[in-house]
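Here the structure is laid out as structure tokens; the discussion comes afterwards.
The values are calculated or read from the model by the stated rules, or taken from the named source; none is laboratory data. Note that the coordinates shown come from a computational prediction; the quantities given were computed from them, not determined experimentally. Methodologically, a virtual Cβ is constructed for each residue, glycine included, from the backbone with ideal geometry; neighbour enumeration extends over all protein chains shown. Keep in mind that these areas ignore ligands, DNA and RNA; they rest on the heavy atoms of the full protein, side chains included. Shrake-Rupley method; radii C 1.70, N 1.55, O 1.52, S 1.80 Å.
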Amino acid sequence: TASARPLVAPARTVTWLAGDTAPDDAMLGAGSIAEIAREQELDARQVRAAAQLPGALSAMPAPLVLIEGALGSGRRTAIASVAQAIGVEIVVLDLRRLPRGAAALEAALIGLRRECRLRDAIPLIADIDELSGPGDDVSGPLRMLARLIDDLPGPFVVTAGRPGFEIPVTRSLVRVRWNVPDTVTRRALWRRALGSDAAALDGELDHIAIRYRLGAGGVSQIGRAHV
């Protein structure tokens, strides 16, 4: 009978109950929890864009939030800070780190769904542009992703590197344009990321800020590698 059948919990459910906070192995090394900036450094355009995010995450019915902007410009950092303010985490599936193929994507999406349910978190698919490589048929993977976005309750976030990316979902869509910060803001980000080492580079920080068009995400990543 059905009542006599043993119930087998997914491995990630068992490890979660045991206190393991590492993202689901089914995400194939492409999963993470979005990092929170201790202090945000935004320019005027980014402040205006960030002001759209709280309303988008709290809207009912919950929309798909598509943040369009360059890699390393601080898209995840911004949305993670907004999510923290309302008491939730952002679980990221980074398509740049995911092996190619429909099977890997399907497994990772199952892992993302499970991780978000365990944490009561908001899912984020990072860099959906990775589904549109040269010569690839993206219709199948994109439909698979769209089904997950429509099936999951609550807000869902996607980042894209180029404006106008179309996702065949039935839920409403909120597009947020996220710009690379201006030079003054980039200089402040570099100073914070480099810490005490920034003093030795003080005369070069302006040149670094002008040359490297990065936001909070890219600068903090380089700062961690420097340490």
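Are any residues in segment 75-101 charged (D, E, K, R) and closer than 12 Å to I122 by Cβ, and if so, which ones? Spell out the reasoning first.
Keep residues of segment 75-101 that are charged (D, E, K, R), which gives 75-76, 89, 94, 96-97, 100.
R76, E89, listed by residue number.
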With the requirement that a residue be under 18 Å from L53 (Cβ atoms) and among the aliphatic types (A, V, I, L, M), what does segment 141-166 give you? I149, V157, V158, A160
Index of the failed condition, L142 passing every other in (1) in contact with a helix residue (DSSP H, G or I) (Cβ under 8 Å, 6 or more places away or on another chain); (2) in contact (Cβ under 8 Å) with a residue 60 or more places away in the chain: (2)
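Report yes if L118 is closer than 19 Å to R76 by Cβ and not acidic (D, E), otherwise no.
When the stated conditions are applied, L118 does not pass them.
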Just give me the residues in segment 71-110 being in a strand (DSSP E or B) and either more than 14 Å from the chain's Cα centre (by Cα) or crowded, with 23+ Cβ neighbours inside 10 Å (or both), in sequence order. I90, V91, V92, L93
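Which ones in segment 150-160 are in contact with a Ser or Thr (Cβ under 9 Å, 6 or more places away or on another chain) and within 23 Å of T77 (Cβ to Cβ)? Steps first, answer last, please.
Here is the first cut: in segment 150-160, the ones in contact with a Ser or Thr (Cβ under 9 Å, 6 or more places away or on another chain) are 150, 155.
Of everything in segment 150-160, just one residue is in contact with a Ser or Thr (Cβ under 9 Å, 6 or more places away or on another chain) and within 23 Å of T77 (Cβ to Cβ), namely P155.
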Restricting to segment 111-120, count the residues that are open to solvent by 10 Å² or more (accessible area, probe 1.4 Å), among the charged types (D, E, K, R) and part of a helix (DSSP H, G or I). 4
Looking at segment 67-89 only, could you name the residues that are touching a strand residue (DSSP E or B) at 6+ places or on another chain (Cβ under 9 Å), over 20 Å from P181 (Cβ atoms) and among the hydrophobic types (A, V, I, L, M, F, W, C)? A83, V88
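What residue, among those in segment 10-45 that are among the β-branched types (V, I, T) and open to solvent by 60 Å² or more (accessible area, probe 1.4 Å), is farthest from the chain's Cα centre (by Cα)?
Keep residues of segment 10-45 that are among the β-branched types (V, I, T), which gives 13-15, 21, 33, 36.
When the remaining residues are screened for being open to solvent by 60 Å² or more (accessible area, probe 1.4 Å), the result is 14, 21, 36.
Numbers: V14: 25, T21: 18, I36: 11 Å.
Here the answer is V14.
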From the set of residues in segment 160-211 that are part of a helix (DSSP H, G or I) and acidic (D, E), which is surrounded by the fewest Cβ atoms within 10 Å (Cβ to Cβ)? D197
Filter segment 158-178 down to residues that are touching a Gly at 6+ places or on another chain (Cβ under 8 Å), over 20 Å from M144 (Cβ atoms) and modelled with pLDDT of 95 or more, then give me how many there are. 2
